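Structure, as structure tokens:
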Amino acid sequence: MEANSLGQQPGRSRQRHARRPTFLMHITVDTARVTDLRTLVVNTCGGMLSFMRIEPVDHAERMKVWLCVAEPALRLTMDAVMRLLPAGGWDAKGTCPFA
């Protein structure tokens, strides 16, 4: 048998890697800081970021951001966001969106 361009034998599928658990994080930030947040998350998570969704709220004064990250990136992302935006994402009750 000959191997194809991926070094596999015909009729055999690629081996799948085990999927890591992912976590959805919800953050609310001022519109002026959303670019900083996006850059921080991409640099911190790299390939462990599954998706990022950004939606304007309060007449676009603030943005809701949803991040879906793999488990190894969760703590790194939380720490980095809290250092960059210490007041970002905290609601009026003072509860953390990451808990």
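Here are the numbers for this structure:
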| quantity | calculated |
| --- | --- |
| Additional length obtainable on full extension of the chain from Ser50 to Arg20, 0.36 nm per residue less Cα span | 9.7 nm |
| Surrounding net charge for Cys45, when Lys and Arg each add one and Asp and Glu each subtract one, Cβ distance under 14 Å | +1 |
| Whole-Hz couplings from phi, Karplus 6.51/-1.76/1.60, listed for the range 51-57; x for Gly and Pro | 7, 9, 10, 10, 9, x, 9 |
| Solvent accessible area, Å² - Met52, 1.4 Å probe, full protein context | 60 |
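The values are calculated or read from the model by the stated rules, or taken from the named source; none is laboratory data. Owing to the predicted nature of the structure, the values given are computational and were not obtained by experimental measurement. With ideal geometry, Cβ positions are generated from the backbone for all residues, glycine too; neighbour counts draw on all protein chains shown. Just the protein is used for accessible areas: all its heavy atoms, side chains included, with ligands, DNA and RNA removed. Shrake-Rupley method; radii C 1.70, N 1.55, O 1.52, S 1.80 Å.
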